[in-house]
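Participant: Handing you this structure, nothing more for now.
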Amino acid sequence: MSRENVEIVRASFEAWNARDMAAYRELYDPDAVLRMPEGWPEPGPYYGREAAMRQFEQLNDAWETHDAEPIGDYIDAADRIVVRFIWHGLGRGPEANLDLTTVFTVRKGKILGLEFFWDYAEALEVLGLSV
C-alpha cells in the first residue's frame, strides 16, 4: 500500500502544478484535514475536503503562476508520506519561493491529512524520524 500512497502524493503535485483542481479535489477524502504552517496568514485548520479546497482555490487565485517542485525524496512512513518542496509563485506581489515540507496522511487511496511545516526536521520529528 505504501507505494500506492507515494503515487497518490505524486499525483497531487502533478494536478496542483497543472492547476487541475477537479483532479486535485478527487485525491482528497471528504473528511480531509488541512493544517497550514505556523504563522500562515489564514492558519486554519480546515476540516473537510470542501474547506480545504476553498483554501487551495484561494491560493490558486492569488498567483498568476505557481508550482510546487519536490526537492527531495518522498519519504514513506506507513500511511504518511513526507515531501520537501519549493513553492514558486509569481503574481500581484513579490515573487515567492517558499521552502516547505508536507506530511500527507493517505488512507484507503485518498489524502486524509495534509500538514505543512517550514522546517524539514520538525516535519520528520512528527513521524519519529530524524534528519
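The values are calculated or read from the model by the stated rules, or taken from the named source; none is laboratory data. Note that this is a predicted model, so its numbers are computed, not measured. Methodologically, a virtual Cβ is constructed for each residue, glycine included, from the backbone with ideal geometry; neighbour enumeration extends over all protein chains shown.
Participant: Just one of (1) surrounded by fewer than 17 Cβ atoms within 10 Å (Cβ to Cβ); (2) in contact with a Phe, Trp or Tyr (Cβ under 9 Å, 6 or more places away or on another chain) trips up His66, so point out which.
Facilitator: His66 satisfies every listed condition except (1).
Participant: Of the numbered conditions (1) closer than 20 Å to Val6 by Cα; (2) surrounded by 14 or more Cβ atoms within 10 Å (Cβ to Cβ); (3) in contact (Cβ under 8 Å) with a residue 40 or more places away in the chain, Leu129 satisfies every one except a single condition; which is it?
Facilitator: Looking at each condition in turn, Leu129 falls short on (2).
Participant: While we're looking at this one, here's another question. Given the criteria surrounded by 18 or more Cβ atoms within 10 Å (Cβ to Cβ), in contact with a Gly (Cβ under 6 Å, 6 or more places away or on another chain) and not hydroxyl-bearing (Ser, Thr, Tyr), does Arg84 qualify? Lay out the reasoning, then the answer.
Facilitator: Values: surrounded by 18 or more Cβ atoms within 10 Å (Cβ to Cβ): yes; in contact with a Gly (Cβ under 6 Å, 6 or more places away or on another chain): yes; not hydroxyl-bearing (Ser, Thr, Tyr): yes.
Against the criterion (surrounded by 18 or more Cβ atoms within 10 Å (Cβ to Cβ), in contact with a Gly (Cβ under 6 Å, 6 or more places away or on another chain) and not hydroxyl-bearing (Ser, Thr, Tyr)), Arg84 qualifies.
Participant: Related question: Can you work out which of the residues in segment 17-60 that are touching a helix residue (DSSP H, G or I) at 6+ places or on another chain (Cβ under 6 Å) and surrounded by 17 or more Cβ atoms within 10 Å (Cβ to Cβ) is nearest to Thr101 (Cα to Cα)? Even if it seems obvious, please write down each step before you answer.
Facilitator: So the first thing to find is which residues in segment 17-60 are touching a helix residue (DSSP H, G or I) at 6+ places or on another chain (Cβ under 6 Å), and the list is 23-25, 27-28, 30, 32, 34, 46, 53.
From what's left, surrounded by 17 or more Cβ atoms within 10 Å (Cβ to Cβ): 24, 27-28, 32, 34, 46, 53.
Details: Tyr24: 18, Leu27: 19, Tyr28: 18, Ala32: 18, Leu34: 13, Tyr46: 18, Met53: 19 Å.
Only one residue fits best here, namely Leu34.
Participant: Ok, one more. Testing Asp73 on (1) in contact with a strand residue (DSSP E or B) (Cβ under 9 Å, 6 or more places away or on another chain); (2) loosely packed, with under 14 Cβ neighbours inside 10 Å; (3) at pLDDT 95 or above, one condition comes back false. Which one is that?
Facilitator: (3)
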